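See below for the structure under consideration.
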Amino acid sequence: MSLNATSSAFVATLGLMAALALPACSTRPAEGEKGADGTTAATGDSADKPAPVDTIKLKMQAMRRDSLKADSIARKTGQLPGAILPGHRIVAFYGNIRSKGMGILGREPKEQMFRKFEGVLKEWQAADPSIPVQAALHNVTITAQGSPGKDGKWRLMNSKATIEEVIAWAREHKCILFLDVQPGHSTLQVEVPKLEAYLKQPDIHLGIDPEFSLATMPGIRPNQRIGTLDAKDVNWTINYLARIVSENKLPPKVLTVHRFTRKMLTNYKNIKLDPRVQVVMHMDGHGEPTLKKDSYHDYIQTEPVQYTGFKLFYEYDPKPKPHHMMTPVEVLTQLTPKPLYIQYQ
C-alpha cells in the first residue's frame, strides 16, 4: 500500500461552495442612473446590497458534504483508499529525539536505536504474519513543561529543525511519523494548528495526550495530577484532521488518544467518527502485566471508540522483579481486541 494513495472522489472545493452561495449577477443600474423601469438607483448603501458570505458556515457545509461522500465510499469498500488501519499493525518507538528521558526514541544513539527497532518489528511480524507491520516513530513535539514559560501555558514546542530532523529519520527508515501534543495549560485548539504544515504531508499523523491537558485545572502543574480531555476536544481534533485530508487530497489520518484512567477521557460515547480519520484509543499505563491487562479491559475494551492501542515500557514494566515487559505473543493472545497500534517507550 502506498502512503501517497489519495481519495479524490470525496474531496470538494471550498471555493466552488463559496461561489454557489453568492447572489447571481444582475443588470442593476449604476448608482444615480435610471433603470428600465424609470427608477433611479440609490447611492451609498442600498437595501438590496448582497449579504456578506458566512465563510464559517460554508466551511461547515463543505465538511459535512465531504464527510457524507467519504462515508458512502467507506460503505462500499470497507475503508477509504490509503487507509493504514485495519490492514496493518502500527508498531512505534516513542519519545523525543532531543531527550533521553522521554522514551526509547532519543534514549539511545540513533543507529543503535534503529537496530533495536528492526528486531522489534521482526518480532511483531513473526507473532502475527497475517497482518503486515507498519513501522512508526512517535515524537512528542509539543511537550508539557515543569515551568510555566512566558505565557504561563506550561508547554514547549520543538524547534523547526528538530521536527524536520525526526521527519528525516522516519523517512530514511520507511516509517510513518506521529507528532504528539501535550497541551499543558493551553488547549488542542491552540496547539494543534501549529503543526498544520506538517500534517498536510501524507505520512505524518497526530497523537494527543489527555494526561498533560490541564486547562480545566488552574494552578496544577504537569505531573501533579492526571489531566483530562472531553469528547468535544477529540471531535474538534477529528474535524480538524478531516479538513486537512479533504483539502489536501490525502489518505486518512491516524489519531492516537492516550488513556489509562476513566477520567482522562470524558463522554467517550459522544465521539463522532469520520472515515477520513482513524481513531486509536491507546492504553499507555505502565506496570506488571496483570495491571496493564486490567487497564486495557476497563478503559479501552469496555469503552470502545474505533481502534485500540497498547504501550510497552522498556524501563518501567519490568520493575520490580519478577515483573516483565509483555512479549508480542502475550499481547496478541491475552488482549481483546488485539491492538492494531503498539507503542514502545
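Highest mean packing first, where packing is the average number of other Cβ atoms within 10 Å per residue, the peptides 187-194, 82-89 line up as 82-89, 187-194. Listed by chain and number, the aspartates and glutamates whose C-alpha is less than 16 Å from the C-alpha of K338, apart from same-chain residues fewer than 8 away, are E123, D128, D284, D294, D298, E303, E330. Heavy-atom accessible surface of region 112-159, averaged per residue, reaches 49 Å², computed with a 1.4 Å probe.
The peptide list 282-292, 158-168, put in order of mean Cβ contacts within 10 Å with the highest first, becomes 282-292, 158-168. If you take all other residues with their beta carbon under 11 Å from the beta carbon of M325, and give Lys and Arg +1 and Asp and Glu -1, the sum is -1. Would you list which lysines come within 16 Å of K263, measuring only between C-alpha atoms, while excluding same-chain residues fewer than 8 positions from it? List returned: K232.
With a cut-off of 14 Å between beta carbons, the residues surrounding E191 carry a summed charge of -2, where Lys and Arg count +1 and Asp and Glu -1. Please list, or write none, the aspartates and glutamates whose alpha carbon is within less than 18 Å of the alpha carbon of K57, excluding same-chain residues fewer than 8 places away. Filter leaves D66, E247.
Each other residue within a Cβ distance under 14 Å of P339 adds +1 if Lys or Arg and -1 if Asp or Glu, for a net charge of +3. A Förster radius of 56 Å, combined with the Cβ-Cβ distance separating K122 from K272, puts the computed FRET efficiency at roughly 0.90. Legend: residues H185, H258, sorted from most to least accessible area (1.4 Å probe; ligands, DNA and RNA excluded), read H185, H258.
The values are calculated or read from the model by the stated rules, or taken from the named source; none is laboratory data. Worth saying up front: this structure is predicted, and the values here are computed from it rather than measured. Please note: Cβ atoms are built from the backbone with ideal geometry, for glycine as well, and neighbour counts cover all protein chains shown. Protein only, heavy atoms only, side chains kept; ligands, DNA and RNA dropped before computing areas. Shrake-Rupley method; radii C 1.70, N 1.55, O 1.52, S 1.80 Å.
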